[in-house]
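Where a number appears in this text, it was derived from the coordinates with a stated rule and is not lab data. As the structure is a prediction and not an experimental result, all values here were calculated from the model. Ideal geometry is used to build each Cβ from the backbone, glycine not excepted, and the neighbour counts take in all protein chains shown.
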Amino acid sequence: MMGSHLDLLAKQHGISLTRPSPDNVEVPVSDETKRQVLAALGVEEKSAVTPLKQKPSKAIPKSYLPEALEQGRVWGISLQIYELRSERNWGIGDFEDLIGMIRLGSLLGADFIGLNPLHAPFIADPDRCSPYEPSNRQMLNPLYIAVDKVPSFKGSPQLERRLRSLRETDLVDYIGVAEIKLMALREIWRSKQGSAVGTLDGESFDAFVQAGGDVLRLHALFESLSAFMAERGIGAGWKGWPVAYQRPDGPEVTGFAEAHADDIQFHMWLQWLAHRQLGKAAQAAQDAGLKIGLYLDLAVGEAMDGSATWSEQDAYISDATVGSPPDPFATEGQDWHLAAFHPDQIASGKQSPYRRMVTAAMRYAGAVRIDHAAALRRLFLVPLESAPDGGAYVNYPQDKLLQILSDASAEFRCVVIGEDLGMLPEGLQDNLAEAQILSYRILSYERGEDGFKPADAYPRLSLACISTHDHQTLAGWWRGADIKARADHGIVPSDVSAAHVKERKHEREDLKLVLAQADVEAPHRLPSAAANDEKLKDLVVSAHRFIAKTPSVLAAVRLADMTSEKHPTNIPGTSDTYPNWKPKLSVSVEELATVSLVKKIAEVMREERNERLRSHG
């Protein structure tokens, strides 16, 4: 009887009673997992079970679509902002480099620049650099501030020597970058000279602080406390702090805030500078005539011990993390170590946590991508101290979340894209299409039993692309570099890896076939697996012509494909064995316009998307 009660209680609170296996077969969730997930949701096992009420079906609200996408198709360039090299940046791409990319994109005929999440990281622990495990999604990353563009900045020969060494590295030195940027910004803050602190572009710092309210103040307080704790070897994340400092409303934290008021103001000022510079980039995109402008990415969650979970503890689940069940590419499942909003809190209140998070991105964007769009209906939660195969799916209020996206996208005139990859709940893609949320279509994923899908099979309401930050470039995929990486880092067993090598041979043949069918390239002209770089460049151009031919209203070209990068941005499933989120591009922003592959890809995108070069005079 207890098992029956437990199952009913689990179902009442949205917990699925099964999960997929690596063979994609549904297996039962254990009673222990049900108990642990119920506890994480704050539900006692002895709680009464109330009958589930059937909710009347409602029309799905539609998100915003601009006239440019109602009547045509556009393309843009996607990149990681930190990977940008330039002659003037401080060892990491910044908002001024972004303006350079906007201008280049406009010259090439692109209509958007797509970026990795710009969320606030752990400034006091800069090497925790994954943009998909941020400290706070409502705040921006101060390391992207172009310090040399801040009023009252004064350089020196000594500083320039340090900056030159940071620029020359092939990996972003986050620790060195954070040290030198914060040092220079603190000098400006201390000088308090005129517009550097008081006003900028007509908006006062005081007005920004007032509008930010407690959310901004608590984030700045966290940043100050985080640095204080890190300096003492305690750690930047709040889970390791003394208990008295683990809640923002305790007397010790209040006393700290009073004693460090100026430092807290400094961290709010950093947010102001970041917002002003990102706003300037958004305006530059509008001035350059980009039809979409900036396309920003929203991470699926935040770090368990970051600013967001410390500031709003009641809004988050504290005893389980976000992950994914076992699948063929991660046979033991994955624990992403991300905090999830509590399903009862995520959409509650006029300014709900989800609405505030979405607004933080949409206010500057013409499009946003919802990472792991399945989270609009469910998340796979892994209880703390459990392996991923000890997790379970938990339902989220899809109707309310789609309504929030609809309202916010209309207010900010912002397109919504849903990353609808992997194991999706039944009917979700249909719901997203009805909501006018664009599907996310990656070439290598668009393959069935009969090979790659033809170009005209892509849905109109979608974004088509070749690869993303979690993939090798197309040239790397062709060579099987992704398979080798998973094997080298022990992500999949050797027998699975061997099967992937065999399958890749078929995939290459299928790609040749679909490109030929689309009149993109004759099969005999396509390269072999061991082809040289020049032959592979021809393949990359042909593949981009293919995605440009699709009906998809958006097509994204990854900058790493345009510059033939050899080192992947991120190898999912690795942490210490690969420098994820650190590799820089091999070409500087200033040199990109002269790269032949950049010009060739842009040309085919313009040709197929019926775009002419914009006139510049």
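Observations on the model:
- The order of Asp430, Asp371, going from fewest to most other C-beta atoms within 10 Å of their C-beta, is Asp430, Asp371.
- When all alpha carbon pairs of the chain are counted in 10 Å bins from zero, the resulting P(r) reads 3, 16, 26, 28, 18, 7, 1, 0 %.
- All Cα pairs of the stretch 132-190, percent lying beyond 13 Å: 67 percent
- Over the C-alpha atoms of the stretch 38-160, the Rg to Rh ratio, Rh being the Kirkwood estimate, stands at 1.18.
- Here the Karplus relation 6.51 cos²θ - 1.76 cosθ + 1.60, evaluated at θ = phi - 60°, turns the backbone of the stretch 123-134 into coupling constants of 4, 7, 9, x, 6, 7, 10, 5, x, 9, 10, x Hz, with x for every Gly and Pro.
- When Val150, Val382 are arranged by Cβ crowding within 10 Å, least crowded first, meaning fewest neighbours, the order is Val150, Val382.
- Kirkwood Rh in Å, taken over the stretch 401-508 so that all alpha-carbon pairs contribute: 16.1 Å
- DSSP-defined antiparallel bridges as percent of all bridges, the chain, nearest 5: 45 percent
- Arg19 long-range amide H proximity, modeled H, under 5 Å: Val27, Val29
- The stretch 88-100 - phi-based ³J(HN,Hα) in whole Hz, Karplus 6.51/-1.76/1.60, Gly and Pro as x: 10, 6, 9, x, 8, x, 9, 5, 6, 4, 4, 4, x
- Among Asn116, Gly289, Pro551 - extreme Cα towards positive end, dipole of the chain, charges at beta-carbon: Gly289
- Set Lys34/Lys350; Lys154/Lys181; Lys566/Lys600; Lys512/Lys600 screened for pairs whose C-alpha atoms are more than 22 Å apart: Lys34/Lys350
- Over the stretch 319-402, equivalent-ellipsoid semi-axes from the Cα gyration tensor in Å: 26, 15, 11
- Residues whose amide H falls under 5 Å from that of Gly235, counting only those 5 or more places apart or on a different chain, are Ala230, with hydrogens built in the peptide plane.
- The smallest convex shape that holds all Cα atoms of the stretch 278-343, its convex hull, gives 151 Å³ per residue.
- Listed by chain and number, the aspartates and glutamates placed with their C-alpha closer than 19 angstrom to that of Lys502 are Asp23, Asp327, Glu446, Glu449, Asp450, Asp482, Asp488, Asp510; residues fewer than eight positions away on the same chain are left out.
- Computed from phi, the 3J(HN,Hα) profile of the stretch 175-191 under the Karplus parametrisation 6.51, -1.76, 1.60 (θ = phi - 60°) reads 5, x, 4, 4, 4, 6, 5, 5, 4, 5, 5, 5, 5, 5, 4, 5, 5 Hz, with x in place of Gly and Pro.
- Counting neighbouring beta carbons within 10 Å and listing from fewest to most, the residues Thr569, Thr50, Thr359 come out as Thr50, Thr359, Thr569.
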